[in-house]
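*Asks:* Can you keep this structure in mind? I'll have questions shortly.
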Amino acid sequence: MSTAANESASHTTASPRPILRPKSKRWGGTIFFKVEEIVFEAPRSRFAEHSEVFETMFHLPVGSDGAVEGRDEEHPIVLEGYQAVHFDSLLNVLYPTPEDLISGILKLEKEEWIGVLNLSTRWSMKKIRRHAINELSKASLNPMEKIALGREHEVAKWFREGLTELVSENPIRPLAELKSHLGADIACSLLWVQNQTQAILGARLAPTGLSLGMLGCFRCQAAMFTNGRNCVSCSRTIAVDDCSALHIPNGALSTYFHAEDPASGLTQVTFRINLQHLMCRACSECAFSLTSYTCPSCSQLVSYSIFELRLGKNGIENGSAPQKILEEFGEEIARYEAWDEK
Ligand SMILES: [Zn+2]
Ligand SMILES: [Zn+2]
């Protein structure tokens, strides 16, 4: 079934491509490094290719005794203040093996990627650093790790994410844990940010109160209750717009931050509420049965523990902890962001 289109297609693919003559590959000779007590031997080319630090180092003048550093095992370039395991991981990235190619991935453990990140940052190996950050981002880092690694290796994205995730936790971690992992300064700033966010929301809810109509579906944000209902504890009828019938004790809300919208640069903030904590003012007991409810808009089942507070536009603007984090930690974040612009 040969058609004109087929013919022209096969003609295009068959059109001869000029075969490029191979260029001779240069490895720049072997170089010896000593890290801790271990001597490593490697081709020199990719160190110079990926890092100006090595490029410069390799062009240093010959020592007074005439021996060129790094030329042989007896005269290695001594890399002080680095870890041999880190260097070993970096070598695996600089010189992958045929096995790596066949398996399709360069298999390094999380700790090994951290080593690669450490050295690529210190030696300004930009491409390799970017790759290590991508690999580690896939390895689900917890907020404490994000903050610690973000600071140590100047990764603005992790530092910011970690801080935002930590203030969103409810309840927030014990002060001792925050202090021991982050230091008193950061712990104090974080608690302040969390306090501000909750206080702003509390101040908003206090005068207006909370009505049934403000309880939303976390999937589609529509109102979960469109009619009044009875308190399950005292059977009192609660109208859908009655702002005085319910109250939320302190700390019953969780704050959630959604991924930043790259177009507007805004981070969406929502508040989740567990109906278990929502009290009837008349009887001071929980007003709801602890079960799942069907959303009248999207028909999905929504568990009593993950209702979303519908605050409208103002609520979202007010609950801006990411903004407060920028105010508190902006200088440090900017410093880390500058790394990749170097
Ligand atoms: Zn009641
Ligand atoms: Zn819904």
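The values are calculated or read from the model by the stated rules, or taken from the named source; none is laboratory data. Nothing here was measured: the structure is a model prediction, and the numbers come from that model. So basically every Cβ, Gly included, is an ideal-geometry build from the backbone, and we count neighbours across all protein chains shown.
*Asks:* I'd like to check something: does segment 111-120 contain any residue that is under 29 Å from the mean Cα position of the chain (by Cα) and over 19 Å from H153 (Cβ atoms)?
*Replies:* no
*Asks:* Taking the stated definitions as given, is E7 of a type in the set (D, E, K, R) and modelled with pLDDT of 70 or more?
*Replies:* No; evaluated as a whole, the condition is false for this residue.
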